[in-house]
Amino acid sequence: MKLKTLLLSMMLFLFSIAAFAKSNITFLIKGMHCQKCTQNIRASFQNNDAIETISVNFETRTADVQLKANKTLSDAEIKTLLEKVGYELESIQR
């Protein structure tokens, strides 16, 4: 019985740690033409309260977003934030 309780406690502890973990999203962007495009995309995402950091790479046409703990950002939200500044979402990797 004690072993079962210990195992259950350990599992709950591990799940609680995972709940506070930050997650990363990488996505491919269509329509970037210059370095100014990276600034426009960063500005669009920086005001979102779910985002801890964003890095946009013009050469690879990708953005890497780190979310704050316990926050989410849907594919639709990413698409909307890109379209708001004139770009298209090509693909997402979570």
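The values are calculated or read from the model by the stated rules, or taken from the named source; none is laboratory data. The structure displayed is predicted, hence computed values, not measured ones. Cβ atoms come from the backbone with ideal geometry, glycine included; neighbour counts cover every protein chain shown.
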Note on the stretch 57-74: residues touching a residue at least 24 places away in the same chain (Cβ under 8 Å), over 16 Å from K84 (Cα atoms) and not polar (S, T, N, Q) are F58, R61, D64, V65, L67, K68, A69
Out of the residues in the stretch 1-35 meeting the condition of being among the basic types (K, R) and surrounded by 10 or more Cβ atoms within 10 Å (Cβ to Cβ), tell me which one is modelled with the highest pLDDT. K30
Return the total of residues in the stretch 36-94 being in a helix (DSSP H, G or I) and either modelled with pLDDT of 95 or more or of a type in the set (G, A, S) (or both). 20
Can you pull out the residues in the stretch 22-35 that are part of a loop (DSSP other than H, G, I, E, B) and free of Cβ contacts under 8 Å to residues at least 24 places away in the same chain? H33
